[in-house]
1. Could you tell me the extents of the stretch 1-120's C-alpha atoms along the three principal axes, largest first, rounded to whole Å?
2. For the pair Gln20 and Arg366, how long in nm is the line joining their label points, each one 7 Å along Cα→Cβ?
3. Check Ile258: other-chain or 5+ apart residues with amide H under 5 Å from its amide H, H built from backbone geometry?
4. On a 0 to 90 degree scale, rounded to 10, what angle separates helix 557-566 from the longest Cα axis of the chain?
5. Per the helix-only calculation at 222 nm, which mean residue ellipticity applies to the chain, given -39500 (n - 2.57) for every DSSP H run of n ≥ 4 and division by its residues, nearest 500 deg cm²/dmol?
6. Which GluC sites (Glu not before Pro) from the stretch 376-485 combine a DSSP loop assignment with at most 13 other Cβ atoms within 10 Å?
7. Pulled fully out, how much extra length does the chain show between Glu403 and Gln497, if you take 0.36 nm times their separation in residues and subtract their Cα-Cα distance?
8. When N is the residue count of the chain, what does its C-alpha Rg come to as a fraction of 2.2 N^0.38 Å?
Amino acid sequence: MGINVMEPHHILQTRFGLSQFRPKQKEIIDDVLLGKDLMAILPTGSGKSLCFQLPALAYPNQLTVVISPLIALMSDQVQKLLAIGINAAAINGTTNLSAQNNIMNLASKGQLPILFVTPERLCKPEFLAKLANVSKTTPINRFVFDEAHCVSNWGHDFRPAYLQAIHSINGLISYLNKHSKTAVHVPISAFSATASEKVREDLIKILFSGRTPALHLQSAKRENLVYNCHTIDNDKQKLDKLVEIMNKDRAVSGSTIIYCATVAQIRDVANRLRMCQYKVSTYHGSMQAGERNQQQQAWMNGDTTVMVATGAFGMGIDKADVRHVIHYALPSSVDDYHQESGRAGRDGLQSSASLLFSYEDMRIRRAMINSSHPTSDEFERFIRMFAHYYQSNGNTPIPVDLEQMSKILGNNDKGDKASRQTIQSMLDGLVEAGFLEFNYEAKLYAIADISRRPNYVQIDHQRAHANQLLDTVYQYAVTPECKANFLTSYYGEASAQDCKTCSSCLRKQHSLTLVQDGLPKSPSQAQTEEILLEELNRFRTKMHKLHKVPTFSILTEVALKKIVELKPRSADALQSISGITPRKVELFGKELLELIQKFAPETPVIEMPPINALNGLSNQEIEDQFRKFIHQELHSIRRMAP
């Protein structure tokens with residue numbers, strides 16, 4: 001396609017403001033630019049997004065379509081691209097018709113290199129028709145599946161709409177081939193942070209229609225993460241242990257994520273931490289979308305430092321300064337744990353992943369699995385009850401009161417949340433099976449085909465698989481062997497040497513220790529650098545409040561530490577630091593350089609009399625020479641003083 005092999009570096013530096021690629025990125029981008037089908041499994045924080053965003057800019061007047069599972073995830077990526085001057089847009093359930101038309105109009109003019117869509121949107125015939133129309137003037141150069149493990153029913157976040165999206169893409173390409181004079185081939189990329197060998201095999205079979213993709217795998221081992229597991233007897237001890245861990249980390253700058261299994265746990269944890277004067281945000285599925293977004297933005301912007309959330313939070317969240325991820329309860333799988341804990345230390349600095357485990361966690365998780373995968377007996381009982389109510393209502397659509405139905409079914413006299421979840425799972429399963437249809441606007445259910453049933457064998461299989469995943473993460477929690485090696489072995493990698501830093505290796509509780517490279521510094525130098533870092537953080541906070549953007553978008557932790565280490569004295573030197581773009585230098589480079597000079601001034605070079613110049617002088621004359629030298633030095637220091 002006429003792509004210069006040097007162009008990726010040029011785009012990296014001029015459009016993304018980065019000086020070098022992370023491991024594997026260049027290899028993946030080269031394969032994308034060669035037009036290959038591709039699957040890349042890279043740990044959280046390895047820079048997967050750049051691998052499809054950068055190549056999209058190398059194809060002028062073409063379109064890359066990214067299929068993404070979450071509205072929050074695609075919104076975050078679009079905002080970040082727009083902030084650095086790269087045109088991107090998203091179409092999902094929240095995008096009105098006028099905005100959709102404007103977006104597709106931009107795409108048809110070749111002015112939109114990247115379009116994000118949900119898999120559900122890609123399945124709509126009217127959207128596919130618009131995409132086919134766009135392709136008449138703007139070729140689609142690639143379909144990208146982000147969080148591709150959602151495609152596989154062996155994956156921990158299986159999403160049926162992803163499978164339907166594959167059929168939609170194949171149908172679109174067939175249509176384009178019928179109406180094109182030349183053969184149309186649109187390559188596919190698949191990216192995920194977590195995919196076992198079985199999931200990888202499934203993805204290749206589903207996504208690539210018999211073609212063999214270029215496969216890029218990066219070790220699941222995160223060298224900068226310290227893994228800790230703590231076995232706890234009861235809830236009070238667990239809260240106390242959490243506070244103990246948090247207090248040990250209190251002096252460490254950065255953010256924390258705490259994952260809980262239930263909303264009740266979130267309330268308990270958030271209340272306790274607020275009592276301890278921590279600034280806390282919360283996030284869970286029962287909150288309104290606007291409130292969730294508000295809480296997320298407060299944490300992203302640094303207004304709060306701790307996020308307490310369920311697993312609904314975090315997919316695609318790109319916050320570089322997360323120093324600690326704590327699982328307050330056992331996660332549902334090793335995949336979930338690896339992906340969620342991997343949100344710590346995305347900037348490469350040493351960080352921690354801690355798990356607080358109690359045997360009560362297993363009971364809670366088993367109940368969740370059973371609620372999400374009802375038995376055939378539960379389904380049939382529910383079908384009889386629903387049919388009775390539907391017929392009593394004159395065969396007209398009816399609303400569903402989960403608590404009332406829970407009591408009627410008699411799963412639990414209290415109508416607790418677990419039984420409501422069971423009913424919601426059955427409603428979803430019956431809609432998917434075609435027994436029910438659901439009016440999303442009116443929130444009403446109606447019987448569509450009374451003969452249709454879910455695939456009970458498949459549901460039993462999924463329940464057994466979910467229990468197997470839970471058993472495996474339980475083994476991780478209790479193993480006395482190296483935690484890091486357990487994770488890499490799970491993903492099919494040969495065991496390496498023990499990490500020597502996890503709780504199993506050390507056999508004692510281990511809290512976060514930030515290790516700085518380099519030789520020991522003199523007290524005066526260390527003090528100067530500490531003051532400079534503090535002032536740079538103040539400056540970053542000021543810019544965050546002024547421009548209403550996250551602090552790490554202004555200067556990352558890595559960039560801050562590099563400024564302190566190098567103490568650049570010019571705009572060019574400042575721009576040589578990774579993450580500091582020409583635009584940032586233009587906006588606030590002068591202020592940064594003034595800060596550096598003020599709090600870490602250059603030491604003046606003062607000419608001492610050469611040793612041979614002292615030869616032949618009397619003691620008095622030598623004393624006069626040194627007195628003059630000291631006077632010059634003191635005078636220079638006074639001039640530099642603020």
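Any read-out appearing in this document is the output of simple, stated calculations on the displayed coordinates, not a laboratory observation. If you're wondering where the values come from, they're calculated on a predicted model, not measured in any experiment. As a convention, Cβ positions derive from the backbone with ideal geometry for all residues, glycine included, and neighbour counts pool all protein chains shown.
1. Projected onto its principal axes, the Cα set of the stretch 1-120 covers 40, 31, 28 Å.
2. 5.1 nm
3. Those lying under 5 Å, H to H, from Ile258 are Met307, Val308, Ala309, Ile326.
4. Roughly 10 degrees, rounded to the nearest 10.
5. -15500 deg cm²/dmol
6. Listed in order of number, the matching sites are Glu441.
7. Length difference between fully extended and current span is 28.6 nm.
8. 1.13
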